[in-house]
1. Mind giving me the FRET efficiency for Arg230 and Val46? R0 is 45 Å, r the Cβ-Cβ distance, nearest 0.05 is fine.
2. Can you give me the angle between helix 226-236 and the longest principal axis of the chain, using Cα atoms only, in degrees from 0 to 90, rounded to the nearest 10?
3. Top mean-square fluctuation among Ala65, Ala125, Ala84, Gaussian network model of the chain, C-alpha springs under 10 Å?
4. At 0.36 nm per residue, and after removing the present C-alpha to C-alpha distance, how many nm does the segment from Ser70 to Ala97 gain when stretched out fully?
5. Could you tell me the relative contact order of the chain? Use alpha-carbon pairs under 8 Å, at least six residues apart, and round to a whole percent.
6. Under a 10 Å cutoff between Cα atoms, tell me which one of Leu165, Leu202, Leu93 has the largest fluctuation in the Gaussian network model of the chain.
7. Enter the angle in degrees (range 0 to 90, nearest 10) between the Cα long axis of helix 12-25 and the first principal axis of the Cα atoms of the chain, meaning the one along which they spread out most.
8. Roll a 1.4 angstrom probe over the protein heavy atoms and tell me the percent of accessible area of the range 14-163 that is carbon or sulfur.
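The values are calculated or read from the model by the stated rules, or taken from the named source; none is laboratory data. All of these numbers come straight from a predicted model, not from anything done at the bench. Glycine gets a Cβ as well: all are built from the backbone with ideal geometry, and neighbour counts include every protein chain shown. Areas reflect the complete protein model, heavy atoms only, side chains present, ligands, DNA and RNA absent. Shrake-Rupley method; radii C 1.70, N 1.55, O 1.52, S 1.80 Å.
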Amino acid sequence: MITGGSAPAVPSCILDPIRDQFLALLPVREDRHPWGCHNPRISDAVVFDRLVQVLIFGCGYERAADRDCSATTLRRRRDEWVAAGVMETPRLLVLAAYDRMIGLELDQLSADGCIAKAPSGGECAGKSPADRAKQDIKRSQLTDSQGIPLVTDPAPANTRDHTLLPATLDRFADLQASLGPLPEHPRLSLDAGYDYTMVQDLLARGITGQVAKRGAKTPIQAGGRWVVERTNSWMNDFGKLRRCTERRKAPIEFFITLASAIITVRCLIR
């Protein structure tokens, strides 16, 4: 359990199943040192918990490190796991478990973009249109009708929401391999940032769009768009996503995937 002060940051009932599933997917590592006298490898479970601490609190790796586990170890192991691509599988397993026990409501989807701070710049940073052109990051978020995060794509903040939608929907279609057949004609709620001909042409392929009109005042409750706004708020509860200091896209996607798994397990338990 990761703790901050006297209260746990992530309850063990949420963190333990994610950690156990993640560790079960890691390849077996053989110790090939000829003499066996080198420093022992830090436990993957210890490193995983420290990376969860980095995600939750948004602290630097040095703040999460100590004498038993250095910041260099955290970065190196994170990159090792990113290269192995093992974080996405637990997220898909969590989604599949939620679908079996509760049921994902995929016939009604919601999508929106959310801007967060990226003071260090990097591959996914761009001039923010909402904050005096400071370096920010945008997340293109797709959820089911209950706000369960299905797809989250990072991009520079100066990227228009509607241009990110095709790639987001393509990733949604890829979920069929894990979740089984998807609804043929789902409804998709979008705000006025998607009121473009490009989006209408895209939705004409089989998705029923509920798009707010530009220039018209539309309450957030219209069409069920409020659920994706709530999911964006859930994502921003994680310090690393609220103020992203990673410069490369791969670590950002690693932390987004971990956050999505935590949110889904929390909703499942509730």
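1. Details: r = 33 Å, r/R0 = 0.74.
Rounded to the nearest 0.05, the efficiency is 0.85.
2. So the helix axis and the longest Cα principal axis differ by about 20 degrees.
3. So, out of Ala65, Ala125, Ala84, the one fluctuating most is Ala84.
4. Working: separation 27, 0.36 × 27 = 9.72 nm, distance 3.45 nm.
Roughly 6.3 nm would be gained on extension.
5. 23 percent
6. Leu202
7. Between the helix axis and the principal axis of the chain, the angle is about 80 degrees.
8. Values: 3650 of 7390 Å².
Of all accessible area on the range 14-163, carbon and sulfur atoms account for 49 percent.
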